[in-house]
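The values are calculated or read from the model by the stated rules, or taken from the named source; none is laboratory data. Quick caveat: nothing in here was measured; it's all calculated off a predicted structure. Positions of Cβ are backbone-derived with ideal geometry, glycine not excepted, and every protein chain shown enters the neighbour counts.
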Amino acid sequence: MFGFLKRWFGASKKESVDGTRRQKQRVNARSGMRVLVVDDSTTVVATLRRMLEQNGYEVDESLNGEKGVEIAVNDPPDLIFLDIILPGINGFAALRQMRRNLRTREVPIIMMSGNEQATEQFYAQRIGADDFIKKPFSRAELFSRIERLLDVSLMPRRRVQAAVEHPRGEFVK
């Protein structure tokens, strides 16, 4: 009877019709993929480290933008999580530096912020971020963001826009 009611009225967000929480199977990146987490909050860094390592990722970390850029340039990771509000150079400046550097320009970067202003999300994407995630975030949202950046070989790749703006403002592919 309850199965019928769930199908009729729809399952809750926490539980699908078959009783599982996840609606579709998660696609993980390759085991051993290297992720750099740049955030001044040791709690956020530790939480991300735990979630990522539990799924086979290798995690490097930095508590400020300068060190994050240095780590990324010296040994480019496969993916970067970059907070916007950082001591020293902020996440926007760090993002710009990484996009200008040949060694890091193709590394996917997911910006993070707990700030309520949606303009940060727009601005982050306009200057080269691949995605944005609002803090606090769930485990499901974290891995959903990573999954969106995976290519067929299960490695994160930047999807650079192939569209070029036409003089009249139209986009041509």
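General observations
One line per residue, one yes/no per condition, for (1) modelled with pLDDT of 90 or more; (2) closer than 23 Å to Asp39 by Cα; (3) more than 18 Å from the chain's Cα centre (by Cα):
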| position | (1), (2), (3) |
| --- | --- |
| Asn101 | yes, yes, yes |
| Arg105 | yes, yes, no |
| Phe122 | no, yes, no |
| Gly128 | no, yes, no |
| Phe132 | no, yes, no |
| Arg145 | yes, yes, no |
| Arg157 | no, yes, no |
| Val164 | no, no, yes |
| Arg168 | no, no, yes |
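- Condition check for Gln117: of a type outside the set (Lys, Arg), more than 17 Å from Val44 (Cβ to Cβ) and at pLDDT 60 or above: yes
- Residue identified as at pLDDT below 95 and touching an Asp or Glu at 6+ places or on another chain (Cβ under 6 Å) among Gly3, Gly10, Gly88: Gly88
- Remark: pairs (first residue in region 48-65, touching a residue at least 40 places away in the same chain (Cβ under 8 Å); second residue charged (D, E, K, R); Cβ separation under 8 Å; 6+ apart in sequence or on different chains) = Leu48/Asp39; Met51/Arg139.
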